[in-house]
Amino acid sequence: MRRLLLGLIFLPFCGLAQAEPVHGIAMHGEPALDAGYRSFPYVNPQVKKGGKINYGVVGTFDSLNPFVLKGMRTTARGIWDPEYGNLFYESLMTRSSDEPFSLYGLLAETVEMDADRTYIQFNLNPKAHWQDGKPVTPEDVIFSFNLLQEKGRPPYNRRMAVVDKLEKVGENSVRFTFNDKANRETPLMIAMSPILPKHATDVATFDQSSLAVPVASGPYKIKAIKPGEKITWERDPNYWGKDLPSKAGFDNYDEISVTYFLQDSTLFEAFKKGDIDVYPEGDSGHWARAYDFPAAQNGDVVKETFQPGLPSGMLGFVFNTRRSLFANEDVREALSLAFDFEWVNKNLYSSAFKRSQSFWQNSALGAYGNAADEREITLLGTAKDRIDPAILAGTYAMPVTDGSGADRKVLREAVNLLNKAGYAIKGGKMVDASGRQLAFEVMTQNEGQEKMAIAYQRALSLIGIAMSIRTVDDAQYQARSNSFDYDMIVKAYTSSLSPGAEQINRWGSSSRDAQGSFNYAGVADPDIDRMIDALVNARSAEDFRAAVRAYDRLLVAGHYVVPLYHVGEQWMARWKHVGRPEKTPLYGYQLPVWWDARAQ
């Protein structure tokens, strides 16, 4: 079947070149599913809907708007949610979790796009309507993008910057024509943006945090709210999209609740009692030892391990390079060397983890284990001269200590780098030329992060560095994260097989000083910007792979993060009445396609 542009015709009503309408688009190549697909391959399309699911999270909420800065990290779960599903708001297209980056029709029934991706046209599904019964219109799409440009948070407020013209085309279509700032991923990012109802959105108060219930187009309505404590969702029987192939096997519960807890230990106790139905596990020691309660022993609670096909990602202590203390690359590398992963892995995690060496480890996109080829070297240009030859060769790795927590050889390497940066040990303290001790604070969010930080603190004290630890509550953590008010922070960077424009918000120069961006390290590097540009504009799989690897090498060479660990699998405990499909898609388990087996 023809899915991309094979020929042009002219629209009689506007004189613009028109591509063939298609059901789906992919970042590279074509979508795996043809126009006649009935469902995604990882769902159970025959599932009997009904019953309920109870989720639990640590934190609180004070907003129903995730698209503005004030509600960015304190919006009730489910509104716009990659884990539980977008229960409320919807986008023009939706992603398949079994492909690197392919989108299929949702609010838009079909799309039209030229081979150079200079524009994309969305032809809205005539059945699409808001929960109050009014149709979803091109005017809603235009309104949404203009509103988010004016009052939205990153990255939504920047998407119109690449649009030369946004216009209604015909009765039920909207076309985005791009300027020279756009790249080949731009149409997909536009397709994944939230669409809001023009008739039911208060523009004047949109950027304020609020628990006033808005109008949306999604499969669930808000049934009840206990501010900061619980939100309960009920399935909308009049949901317009329930028969779409991209929604088959989704939205299987009549009721979904999300309860908030102050601590993970309290959440786990609620799970043990059956008040919470699923518990994603992230602590290897807890996974090995905490499931000795009766329900787990008699089979009412099921422990499962899932194997996604994803790169490792990066969990680490992140240096805030906005602080002059961490502006020196040698200092950052020295502090990275001092973390004794072997001691931490053995004593805190029962040796369950592997050390992370790069951001796309365990994949063909990663620098670790893959030498830079000629394509990469050409792409890097003069930037290659600032990269450690071992990183270019794919052989660079964090040091392996003796596991004692005080490996003198490794600590000596760290001290030598600090000497190079102008520090020296005097009177048992690591001091600069003016006699000021090298000291900083790490901000942690929970007990698990605090344990890692204590081990790190102990190692650094051996070479005269004073690291303090501050564990803060969720509200303070989110506020300080948004404003970059920390010296060092613990963060996880997920890595997909289709990295793209989201990398700008993590590492691009334009996001360095943007409040609420994910550029926690404060990076502003023209070479990194070039690599991001190269990967989002790559046309072939070979060019894409070269760009991501080169990008990975620059991130590793910058020592912006003290690499910690990855496990390469997902752990989940669930009560046995929660059913799931047999197939695990490329991106791992997908909670939105699970169901309540008691409803069968």
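The values are calculated or read from the model by the stated rules, or taken from the named source; none is laboratory data. This structure is a prediction, so every number in the text was calculated from the model and none was measured. Heads up, the Cβs are rebuilt from the backbone with ideal geometry, glycines too, and the neighbour counts pull from every protein chain shown.
Within the set ASN54, ASN44, the sole residue that is under 25 Å from ILE256 (Cβ atoms), assigned to a loop (DSSP other than H, G, I, E, B), touching a residue at least 12 places away in the same chain (Cβ under 8 Å) and not basic (Lys, Arg) turns out to be ASN44. Figure legend. Inter-residue proximity from the stretch 161-188: first residues in contact (Cβ under 8 Å) with a residue 12 or more places away in the chain, second residues of a type in the set (Gly, Ala, Ser), beta-carbon distance below 6 Å, spacing 6+ or different chains. Indicated pairs: VAL162/ALA182; GLU185/GLY500; GLU185/ALA501. Scanning the stretch 564-600 for residues that are hydroxyl-bearing (Ser, Thr, Tyr) and in contact with a Ser or Thr (Cβ under 7 Å, 6 or more places away or on another chain), which turns out nearest to TYR456 (Cα to Cα)? Per the criteria, the residue is TYR565.
Restricting the first member to the stretch 59-70 and to residues that are without any contact (Cβ under 8 Å) to a residue 24 or more places away in the chain, and the second to residues that are in a loop (DSSP other than H, G, I, E, B) and buried (at least 17 other Cβ atoms within 10 Å of the Cβ), the beta-carbon pairs closer than 8 Å and six or more apart or on different chains are PRO66/MET72; PRO66/ILE79; PRO66/TRP80.
Restricting SER434, SER498, SER481 to residues that are polar (S, T, N, Q) and farther than 25 Å from GLY313 by Cβ narrows the list to SER434.
Scanning the stretch 333-352 for residues that are modelled with pLDDT under 90 and in a loop (DSSP other than H, G, I, E, B) turns up SER350, SER351, ALA352. Residues that are free of Cβ contacts under 8 Å to residues at least 24 places away in the same chain and in contact with a Gly (Cβ under 7 Å, 6 or more places away or on another chain) within the stretch 402-459 comprise ASP432, ALA433, listed in sequence order. The number of residues in the stretch 266-288 being among the small types (Gly, Ala, Ser) and modelled with pLDDT of 95 or more comes to 2. Do we find that LYS384 is of a type outside the set (A, V, I, L, M, F, W, C), surrounded by 13 or more Cβ atoms within 10 Å (Cβ to Cβ) and at pLDDT 95 or above in this structure? Yes; evaluated as a whole, the condition is true for this residue. The residues of the stretch 532-566 that are over 30 Å from LEU418 (Cα atoms) and of a type in the set (Ser, Thr, Tyr) amount to a single one, SER540. Residue-level analysis places GLY309 outside the set of residues that are in contact with a Pro (Cβ under 9 Å, 6 or more places away or on another chain), crowded, with 18+ Cβ neighbours inside 10 Å and in contact (Cβ under 8 Å) with a residue 40 or more places away in the chain. Identify the residue in the stretch 511-549 that is small (Gly, Ala, Ser) and either in contact with a strand residue (DSSP E or B) (Cβ under 9 Å, 6 or more places away or on another chain) or without any contact (Cβ under 8 Å) to a residue 60 or more places away in the chain (or both) and, among all such residues, is surrounded by the most Cβ atoms within 10 Å (Cβ to Cβ). Ranking the candidates gives ALA521 first. Within the stretch 354-380, the set of residues being on the phi > 0 side of the Ramachandran plot and touching a residue at least 40 places away in the same chain (Cβ under 8 Å) comprises just one member, ASN362.
Of all the listed residues (ARG598, ARG539, ARG574, ARG580), the sole one being among the basic types (Lys, Arg), within 26 Å of PHE101 (Cβ to Cβ) and either at pLDDT 95 or above or in contact with a Pro (Cβ under 6 Å, 6 or more places away or on another chain) (or both) is ARG580.
So, of the residues in the stretch 470-510 that are out of contact with any strand residue (DSSP E or B) (no Cβ under 7 Å at 6 or more places or on another chain) and among the hydrophobic types (A, V, I, L, M, F, W, C), which turns out to be nearest to ASP552 (Cα to Cα)? Top of the filtered list is TRP507. I'd like the residue in the stretch 523-563 that is in contact with a Ser or Thr (Cβ under 6 Å, 6 or more places away or on another chain) and outside any helix (DSSP H, G or I) and, out of all such residues, is nearest to PRO592 (Cα to Cα). Looking at residues that are in contact with a Ser or Thr (Cβ under 6 Å, 6 or more places away or on another chain) and outside any helix (DSSP H, G or I), I get PRO563.
When restricted to residues that are under 30 Å from ASN537 (Cβ atoms) and in contact with a helix residue (DSSP H, G or I) (Cβ under 6 Å, 6 or more places away or on another chain), the stretch 28-59 contains 2. Residue check: SER324 meets all listed conditions (1) free of Cβ contacts under 8 Å to residues at least 12 places away in the same chain; (2) in contact with a Gly (Cβ under 8 Å, 6 or more places away or on another chain) but one, namely (2). The strands (runs of 3 or more DSSP E) found wholly in the stretch 408-519 and carrying at least 2 residues that are among the hydroxyl-bearing types (Ser, Thr, Tyr) occupy 466-471. Within the stretch 387-399, residues that are under 12 Å from LEU554 (Cα atoms) and assigned to a helix (DSSP H, G or I) reach partners that are at pLDDT 95 or above and basic (Lys, Arg) with beta carbons closer than 9 Å, at six or more positions or on different chains, in the pairs ILE391/ARG553; LEU392/LYS384; LEU392/ARG553. The residue that is nearest to TYR239 (Cα to Cα), among those in the stretch 197-210 that are assigned to a loop (DSSP other than H, G, I, E, B) and either acidic (Asp, Glu) or modelled with pLDDT of 95 or more (or both), is PRO197. The residues of the stretch 499-544 that are closer than 28 Å to TYR486 by Cα and among the small types (Gly, Ala, Ser), listed by number, are GLY500, ALA501, GLY508, SER509, SER510, SER511, ALA514, GLY516, SER517, ALA521, GLY522, ALA524. Entry remark, the stretch 139-176: residues being touching a Pro at 6+ places or on another chain (Cβ under 6 Å) and among the hydrophobic types (A, V, I, L, M, F, W, C) number 1 in total.
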